[in-house]
Structure formats: structure tokens, C-alpha cells
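The values are calculated or read from the model by the stated rules, or taken from the named source; none is laboratory data. None of the values given here were measured: they were computed from a predicted structure. Don't worry about glycine lacking a Cβ; one is built from the backbone with ideal geometry, like all the others, and counts go over all protein chains shown.
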Amino acid sequence: MAVKIEMLRCFAAVARSGKLSEAAHQLGRTPSAVSMMLKQLEDHLGEPLFKTDRKNRLTALGSFVLEQAERELYQFDSTVHAIESFANARHGRVRVAAVPSVASTVMPRAIARFIRDFPGVQIELRDMDSATILHELSRGRLDIGIASAGLSGGVLHRQNLLSDRFGLICPSEHPLVKSGETLTWEAISRHRFIANELSRLITAEAFRDIHSEALLSVHNITSLLAMVRADLGVTVLPEMTLRMAESSDLAFLPLPGSPPDRQIHLLRKLDIPSSPAAREFEKQIFATVAEIQPENCP
């Protein structure tokens with residue numbers, strides 16, 4: 001008969017208390033059940049664990065078994081606690097990457113809500129461009145990605161999170177702002193344009209020439225906005241990106257023809273089940289977006 005963890009638990013309780021009845025009470029068992037389990041353990045080992053029937057003095061074997069049993073019980077109980085905590089989202093780690101505009105506007109509120117309810121979970125947040133997020137997700141290096149997914153194929157599960165309209169970004173004192181006229185592609189074409197990765201998403205035919213003829217292209221959002229502030233040109237970005245910068249010296253003008261909004265998705269790998277902590281964090285992200293942009297609530 002194999003030694004079971006409950007045999008060790010019964011023996012350790014009796015050895016620590018020195019009384020069979022007290023140990024039985026601690027374990028929620030009858031004294032006869034505890035006595036039977038001790039006998040099974042001693043029969044298996046072939047030697048007594050106690051010097052007398054009073055169970056208050058250990059044999060040499062009993063002292064050794066107690067030392068080993070307590071170590072094993074501690075490890076077993078710690079393992080069970082870790083498993084239960086993980087299953088209940090009380091512990092674990094959630095690896096998240098988001099495009100910068102979402103990382104700075106949505107994520108602080110979502111994380112604050114989450115750690116209030118699950119303070120033992122570690123959150124690892126990185127801001128990345130959409131292409132890098134898709135790359136990292138496909139290799140299992142992220143639990144959650146928030147990006148403009150495009151066509152992600154069958155590798156990723158995708159949920160619509162929010163939409164974000166595009167607009168022209170220029171200094172608040174720029175002639176296009178001061179004119180007060182409805183913005184046109186022709187008016188934009190008369191000014192220097194700074195291309196960026198997000199402006200490539202605008203597919204309007206009139207805008208393609210503006211974008212392709214740009215002499216300056218900047219990929220980093222912080223650097224891009226600095227170029228606009230320095231009056232080196234105008235650019236096109238989603239509205240949340242400007243909100244992220246909190247720049248009163250920059251203006252946002254709706255684009256001609258109201259091109260389609262940027263669609264931002266919550267993504268995860270299809271073949272890797274989400275941990276309980278990751279599922280709870282997803283709920284907080286959607287709840288936060290519903291507060292910030294109620295029209296995007298799924």
C-alpha cells in the first residue's frame with residue numbers, strides 16, 4: 001500500500017499534539033479513523049512511530065518521519081494554494097501589449113480597477129506598434145494584445161474593442177485652423193505633410209498622392225508631434241493619439257469625406273487558453289472602454 005498524503009497529515013497532527021483525540025478534533029475525523037490511518041502507516045513502514053500507546057513520545061523513525069512529513073505537507077499545501085489562487089485569478093502574471101494611445105489612456109484605468117480586486121496578480125504592460133504586437137502574440141510572448149489587427153488570419157482570436165477617428169494634426173495657430181473653412185484634401189496638399197505608419201491606413205484616393213509625396217516620415221509618435229509643433233509639417237493621426245499627448249498647442253481637424261475609423265481590437269492566441277487572471281483583466285479593459293467611449297461597448 002502506498003503512503004498517502006493524508007496518512008502523513010494524520011501522523012503529523014498526532015505527533016504535534018501528543019493526543020489522539022486532540023489531533024482527531026483538529027482534522028475533523030473520529031479518533032478511531034485517525035488511529036486506523038496511523039496503524040496503516042506503521043504497518044507499511046514495518047516499525048512503530050510512537051514509543052507508547054499514549055502517542056506522546058516518538059521513536060527514532062517517528063522523529064525522522066515527522067521531519068519529512070512536515071516538509072512534504074508544507075510543499076503540498078503551498079502547491080494546492082498556488083493552484084487554487086491561479087484558478088481564482090488571485091495570483092499569476094498577465095503580459096499585455098497595447099498601441100501607445102491605448103496604453104496611455106485606457107490601460108491606467110483598467111489596471112487600477114484590476115489590482116483593486118486582484119492585488120496578487122503581476123501585470124506586465126508594454127506599448128508597441130500593431131505589427132510588433134501581432135508578431136509577439138503569434139509567438140506566445142503575450143497574453144493580451146491591443147492593436148489595429150488588420151487581417152490576422154486564423155492564428156489570433158479578435159474582439160472589437162474601440163474605434164478611433166482620424167484627423168489632421170497641426171499647430172493650433174496653423175492657417176488651416178484659423179481659416180475656419182471645411183477641410184479639403186486640396187487644402188491639405190498645399191502644406192508640408194509628415195507621413196507616419198498610421199497615416200498609411202487612410203485609403204482615400206485624394207490622400208494617396210499627399211502621403212506618397214511626403215519628404216519627411218516619422219515613426220515615433222513623440223518625435224512626430226514634436227515635428228508638428230516645430231511647424232515642420234502637418235500629419236494625420238487617430239484622435240486618441242492626440243489626446244494621449246495632452247497638447248493644447250496642437251489642433252485636431254476632421255478629415256474630408258469622413259474616412260473609416262481606425263479599429264482597435266483585443267487579441268489573444270487561439271491555441272493557448274487564457275489564464276483566469278487574463279480573462280478577468282480582459283473584462284476590466286472592456287469595462288474601462290465602455291466608460292470612456294460608451295458607443296464602443298460590445
3 or more residues of a type in the set (D, E, K, R): qualifying strands (runs of 3 or more DSSP E) within the stretch 63-150: 121-127
Which ones in the stretch 1-15 are outside any helix (DSSP H, G or I) and modelled with pLDDT of 85 or more? LYS4
Examine the stretch 195-208 for a residue that is outside the structural domain of ILE133 (by TED's automatic domain parsing), acidic (Asp, Glu) and outside any helix (DSSP H, G or I), and state whether such a residue exists. yes
Within the set of pairs 6 or more residues apart or between chains, which connect a residue that is closer than 15 Å to ILE169 by Cα inside the stretch 196-212 to a residue that is in a loop (DSSP other than H, G, I, E, B) with Cβ atoms less than 6 Å apart? ASN196/VAL218; GLU197/HIS219; ILE202/PRO259
I need a count of the residues in the stretch 96-130 that are acidic (Asp, Glu), more than 26 Å from ASN196 (Cα to Cα) and buried (at least 18 other Cβ atoms within 10 Å of the Cβ). 0
Given (1) surrounded by fewer than 16 Cβ atoms within 10 Å (Cβ to Cβ); (2) in the same structural domain as VAL99 (by TED's automatic domain parsing); (3) out of contact with any strand residue (DSSP E or B) (no Cβ under 6 Å at 6 or more places or on another chain), number of the condition PHE286 does not satisfy: (1)
Among (1) over 18 Å from ILE264 (Cβ atoms); (2) of a type in the set (Val, Ile, Thr); (3) in contact with a Ser or Thr (Cβ under 9 Å, 6 or more places away or on another chain); (4) surrounded by 15 or more Cβ atoms within 10 Å (Cβ to Cβ) - the single one ILE144 does not satisfy: (1)
Take the residues in the stretch 69-90 that are at pLDDT 80 or above and surrounded by 12 or more Cβ atoms within 10 Å (Cβ to Cβ); name whichever of them is farthest from ARG116 (Cα to Cα). ALA69
Within the stretch 16-28, residues in contact with a helix residue (DSSP H, G or I) (Cβ under 8 Å, 6 or more places away or on another chain) and either under 21 Å from SER78 (Cα atoms) or modelled with pLDDT of 90 or more (or both) come out as ARG16, GLN26, LEU27
Going through the stretch 176-189 in order, the residues found to be in contact with a helix residue (DSSP H, G or I) (Cβ under 9 Å, 6 or more places away or on another chain) and not aliphatic (A, V, I, L, M) are SER179, GLU181, THR184, TRP185, GLU186, SER189
Keeping to the stretch 51-67, report how many residues are of a type in the set (S, T, N, Q) and touching a residue at least 12 places away in the same chain (Cβ under 8 Å). 2
Breaking point among (1) at pLDDT 90 or above; (2) outside any loop (DSSP other than H, G, I, E, B); (3) of a type in the set (A, V, I, L, M), for LEU183: (2)
Working only within the stretch 209-222, note down all residues that are over 19 Å from PRO256 (Cα atoms) and in a helix (DSSP H, G or I). ILE221, THR222
Scan the stretch 33-48 and give yes if some residue there is touching a Ser or Thr at 6+ places or on another chain (Cβ under 6 Å), more than 22 Å from ASP77 (Cα to Cα) and part of a helix (DSSP H, G or I), otherwise no. no
Scan the stretch 239-254 for residues that are buried (at least 19 other Cβ atoms within 10 Å of the Cβ) and closer than 18 Å to ALA214 by Cβ and jot them down. THR241
Restricting attention to the stretch 175-194, does a residue exist that is in the same structural domain as LEU225 (by TED's automatic domain parsing), surrounded by fewer than 19 Cβ atoms within 10 Å (Cβ to Cβ), of a type in the set (S, T, N, Q) and under 25 Å from VAL218 (Cβ atoms)? yes
